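Novice: Here it is, the structure in full.
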Amino acid sequence: MIEFRNVSKRYDGSFAVDDLSFTVAEGAIGVLIGTSGSGKSTALRMVNRLIDPSSGTIHLSGTTVEQLPPVKLRRRIGYVIQSVGLFPHWTVERNIGTVPHLLGWPKAKIRDRVAQLLDLLRLDANAVRHKYPHQLSGGQQQRVGVARALAADPDVLLMDEPFGALDPITRTALQDEIAFIHQQTKKTILLVTHDIEEALKLGDTIALLDRGKLVQAGTPRDLLTAPANDFVRDFFGGANLGLRLLEIETAATVMRPEKRIDGERNEAEAIPASMSLHRALSLMVARGVDRLPVVDDKGAPQGTLHLADLAKR
Amino acid sequence: MTTNGRHISWYADPALGAALLTLALVFGMPLLRPVFAGAFPELDRPIYVGDPFWLLLLSHLGLVAASSVAAGVVGIGAGILVTRKAGRSFRGTIETLAAMGQTFPPVAVLAVAVPLIGFGAWPAFIALALYGLLPIIENTVSGLEQVPAAVREAAASSGMTATQVLRDVELPIAAPIILTGVRISVTINIGTAALASTVGAKSLGLPLIVGLNSDNIAYVIQGALLVGALAITVDLAFGRALRYVQRWKVA
């Protein structure tokens, strides 16, 4: 759990972060979102004490962060940044093993852990293990960055616009990867982004900051359907509000329990129950159909999604 | 110098070849007597015999090594100091002092040092160490500053102590640039050490100076050949070391 309690950071009289209170539940993904200068990165960097707050406290699974010496604290917190910051003179293996090495793990254990993480991040261990960062693509570098952050199995993961510098396709792939890793590891994650789709896609709780102040915190649905003021409405909604609402719902929520479509059923066209309605809508339009069969993870029929039901809410 | 990553076998290394050539010149110079005698028939003594060349070489190397180690320790130390938070305010002062050290011609430093500490190797050591300081400080500072901020932040946020960040991350990444500074410093000092013979320090400059004083061109050529061969050997050896410290760049 990460909890900000009345946290402020002042620089020369002006507030970078102003009285922020925000909680990310154990095992959840919390998102700090806002425009540049909103204080979101400053807030994040106070968690691992790269910056110390002027007032207020930050609680981390029972203790406050200032109770631990920064060096010890940081070895328990994974940190991923936009510019990745891999050590250029170390191989991928040595980079990922950074924190385990600092903690004095035995070599064999580090090697096994690295192999496990490369596997988790879908990197070919034999191909990349002994490479240097400059020999990898941007997407591969960021995967290694994520693996490095996860290496010592930290309590929490901090991510500062981790995918901001990547092309849209790689970014989407890595977002899916983070969702998958989160599902696997149940780590508490605090993510900073200015990308609304990313926040809605990954966040369990989202805090919208503006000029250092918390404007509204809540679930993606709260922010879309019950904005506290016009700023929130404009920020999240705009012309894309409808599509964003579809983005946060899955096929499972509005499908009808009919397991067959008029006798003809095409296995290949079935969509998983966890697919977002936004993607399902896109598929319907692309295929020119108004119904899609829905299946579970194992491919067993669950029901049918109707185009007409997407707008009923 | 090649900076690509190809592995060079030790026997094909130009640094080794240059070292062998230098040694051949040092020990084989007397064998060249007929050549010098033929070229300068007017000279009574066509080969320098004041001291054996190997002794001059050792003494020259010792002087350069001692002054370069001193300049390296002080220069790298100062470079590290002024790039730390605590030492940032000294930066201007230290860079000015180092620049002044290089502005004074070594001959002037020698001339000032002699009345203060007398003739011999000491004034030469001091002049060379001061003269070699600037490139090392400058390159240490720029090498450390060139470490990307994201890398430094990643190191700190991994839970490295300040010492670990410096030793394991900053210095290895800055090493090629720092080593280049040391290389410049040493190469300059090999040439400058020849001047040390004017204040009574033994070096390969001795045949040069004696030759100039006594109109013996053969001595001058012998001294110049040896200083040149030594400078090339050391420079090539640095090239080799440089390839080693930046092997990760070309992998």
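The values are calculated or read from the model by the stated rules, or taken from the named source; none is laboratory data. Computed from a predicted structure; not experimentally measured. No Cβ is skipped: glycine too gets one built from the backbone with ideal geometry, and neighbour counts run over all protein chains shown.
Novice: Which ones in the range B:177-205 are more than 22 Å from B:TRP54 (Cβ to Cβ), surrounded by 23 or more Cβ atoms within 10 Å (Cβ to Cβ) and not hydrophobic (A, V, I, L, M, F, W, C)?
Specialist: B:GLY181, B:SER185 - these are the residues of the range B:177-205 that are more than 22 Å from B:TRP54 (Cβ to Cβ), surrounded by 23 or more Cβ atoms within 10 Å (Cβ to Cβ) and not hydrophobic (A, V, I, L, M, F, W, C).
Novice: Let me ask you something else. Identify, from the list A:PHE231, A:PHE163, the residue that is over 25 Å from A:THR253 (Cα atoms), away from every other protein chain (no Cβ under 14 Å) and either part of a loop (DSSP other than H, G, I, E, B) or under 12 Å from the mean Cα position of the chain (by Cα) (or both).
Specialist: From the options A:PHE231, A:PHE163, the qualifying one is A:PHE163.
Novice: Just to be sure before I move on: is B:LEU63 modelled with pLDDT of 90 or more and either out of contact with any Pro (no Cβ under 8 Å at 6 or more places or on another chain) or loosely packed, with under 12 Cβ neighbours inside 10 Å (or both) in the structure I sent? Steps first, answer last, please.
Specialist: Values: modelled with pLDDT of 90 or more: yes; either out of contact with any Pro (no Cβ under 8 Å at 6 or more places or on another chain) or loosely packed, with under 12 Cβ neighbours inside 10 Å (or both): yes.
Yes: the conditions hold for B:LEU63.
Novice: Specify which of the listed residues (A:ILE58, A:ILE51, A:ILE29) is buried (at least 23 other Cβ atoms within 10 Å of the Cβ) and either more than 17 Å from A:GLY203 (Cα to Cα) or not hydroxyl-bearing (Ser, Thr, Tyr) (or both).
Specialist: None of the other options fit; the residue is A:ILE29.
Novice: I'd like the full set of residues that are among the small types (Gly, Ala, Ser) and either in a strand (DSSP E or B) or under 18 Å from A:GLY37 (Cα atoms) (or both), limited to the range A:184-228.
Specialist: A:ALA199, A:ALA207, A:GLY212, A:ALA217, A:GLY218
Novice: Looking at the range A:78-115, which of its residues are aliphatic (A, V, I, L, M), within 10 Å of another protein chain (Cβ to nearest Cβ) and over 20 Å from A:GLN140 (Cα atoms)? Break it down stepwise before answering.
Specialist: Step one: list which residues in the range A:78-115 are aliphatic (A, V, I, L, M), which gives A:80-81, A:84, A:86, A:92, A:96, A:99, A:102-103, A:108, A:110, A:114-115.
Narrowing the set further to residues that are within 10 Å of another protein chain (Cβ to nearest Cβ) leaves A:80-81, A:84, A:86, A:99, A:102-103.
Within the range A:78-115, A:LEU102, A:LEU103 qualify.
Novice: I've got another one for you. Based on what the data block shows, is A:ASP309 among the acidic types (Asp, Glu) and exposed (fewer than 14 other Cβ atoms within 10 Å of the Cβ)? Steps first, please.
Specialist: Values: among the acidic types (Asp, Glu): yes; exposed (fewer than 14 other Cβ atoms within 10 Å of the Cβ): no.
No; evaluated as a whole, the condition is false for this residue.
Novice: Next question. Out of all the residues in the range B:13-60, which are in contact with a helix residue (DSSP H, G or I) (Cβ under 7 Å, 6 or more places away or on another chain) and of a type in the set (Ser, Thr, Tyr)?
Specialist: Passing the criteria: B:THR22, B:TYR48.
Novice: Let me ask another. What number of residues within the range B:107-132 are crowded, with 16+ Cβ neighbours inside 10 Å, touching a Gly at 6+ places or on another chain (Cβ under 6 Å) and not aliphatic (A, V, I, L, M)?
Specialist: Counting residues in the range B:107-132 that are crowded, with 16+ Cβ neighbours inside 10 Å, touching a Gly at 6+ places or on another chain (Cβ under 6 Å) and not aliphatic (A, V, I, L, M) gives 0.
Novice: Does the range B:96-122 hold any residues that are within 12 Å of B:VAL199 (Cα to Cα) and of a type in the set (A, V, I, L, M, F, W, C), and which are they?
Specialist: Selection gives B:VAL107, B:ALA108, B:VAL109, B:LEU110, B:ALA111, B:VAL112, B:ALA113, B:VAL114, B:ILE117, B:PHE119, B:ALA121, B:TRP122.
Novice: Continuing with the same structure: Working carefully through the options A:LEU190, A:LEU223, A:LEU241, find the one that is modelled with pLDDT of 95 or more and either touching a strand residue (DSSP E or B) at 6+ places or on another chain (Cβ under 8 Å) or more than 14 Å from every other protein chain (Cβ to nearest Cβ) (or both). Show your work before the answer.
Specialist: Working: A:LEU223 fails: modelled with pLDDT of 95 or more; A:LEU241 fails: modelled with pLDDT of 95 or more.
Just one listed residue meets the conditions, A:LEU190.
Novice: Starting from the range A:160-175, keep only residues that are over 13 Å from A:GLN140 (Cα atoms), then list their pairs with residues that are at pLDDT 90 or above and polar (S, T, N, Q) whose Cβ atoms are within a distance under 7 Å, requiring at least 6 positions of separation or different chains.
Specialist: Once the first residue is over 13 Å from A:GLN140 (Cα atoms) and sits in the range A:160-175, its partners that are at pLDDT 90 or above and polar (S, T, N, Q) give A:ASP160/A:SER41; A:GLU161/A:THR193.
Novice: Applying the selection to the range A:128-139, what residues are within 14 Å of another protein chain (Cβ to nearest Cβ) and surrounded by fewer than 15 Cβ atoms within 10 Å (Cβ to Cβ)?
Specialist: Passing the criteria: A:HIS130, A:HIS134, A:GLN135, A:GLY138.
Novice: Please work out which one of (1) farther than 13 Å from B:GLU153 by Cβ; (2) part of a helix (DSSP H, G or I) is the condition A:ILE58 fails and give its number.
Specialist: Just one mismatch for A:ILE58, condition (2).
Novice: Applying the selection to the range A:47-65, what residues are free of Cβ contacts under 8 Å to residues at least 40 places away in the same chain and in contact with a Lys or Arg (Cβ under 7 Å, 6 or more places away or on another chain)?
Specialist: Across the range A:47-65, the qualifying residue is only A:VAL65.
Novice: Tally time: how many residues in the range A:29-77 are within 11 Å of chain B (Cβ to nearest Cβ), closer than 28 Å to A:GLU197 by Cα and touching an Asp or Glu at 6+ places or on another chain (Cβ under 6 Å)?
Specialist: 1
Novice: Could you say whether any residue in the range A:180-197 is surrounded by fewer than 20 Cβ atoms within 10 Å (Cβ to Cβ) and among the hydroxyl-bearing types (Ser, Thr, Tyr)?
Specialist: Taking every residue of the range A:180-197 in turn, at least one turns out to be surrounded by fewer than 20 Cβ atoms within 10 Å (Cβ to Cβ) and among the hydroxyl-bearing types (Ser, Thr, Tyr).
Novice: Taking the range B:198-226 as the search range and keeping residues that are over 18 Å from B:PRO46 (Cα atoms) and aliphatic (A, V, I, L, M), which one is nearest to the chain's Cα centre (by Cα)? Before the answer, list the steps.
Specialist: So in the range B:198-226, the residues over 18 Å from B:PRO46 (Cα atoms) come out as B:198-203.
After this cut, where a residue has to be aliphatic (A, V, I, L, M) as well, the list is B:199, B:201.
Details: B:VAL199: 20, B:ALA201: 17 Å.
Step by step, filter the range B:198-226, then rank; the result is B:ALA201.
Novice: Follow-up. Exactly one condition in (1) in contact with a helix residue (DSSP H, G or I) (Cβ under 7 Å, 6 or more places away or on another chain); (2) within 14 Å of chain B (Cβ to nearest Cβ); (3) surrounded by fewer than 20 Cβ atoms within 10 Å (Cβ to Cβ) is false for A:ASP155; which is it?
Specialist: (1)
Novice: I've got another one for you. Right, B:VAL64: of a type outside the set (Ser, Thr, Tyr), within 19 Å of B:PRO123 (Cβ to Cβ) and either free of Cβ contacts under 8 Å to residues at least 40 places away in the same chain or in a helix (DSSP H, G or I) (or both) or not?
Specialist: So B:VAL64 passes the test.
Novice: Can I ask one more? Assess whether B:ALA174 counts as being farther than 18 Å from B:LEU63 by Cβ, in contact with an Asp or Glu (Cβ under 9 Å, 6 or more places away or on another chain) and aliphatic (A, V, I, L, M).
Specialist: So B:ALA174 passes the test.
Novice: Going by the conditions given, is B:THR96 crowded, with 19+ Cβ neighbours inside 10 Å, away from chain A (no Cβ under 14 Å), among the hydroxyl-bearing types (Ser, Thr, Tyr) and out of contact with any Asp or Glu (no Cβ under 6 Å at 6 or more places or on another chain)?
Specialist: Here the answer is no, as B:THR96 does not meet what is asked.
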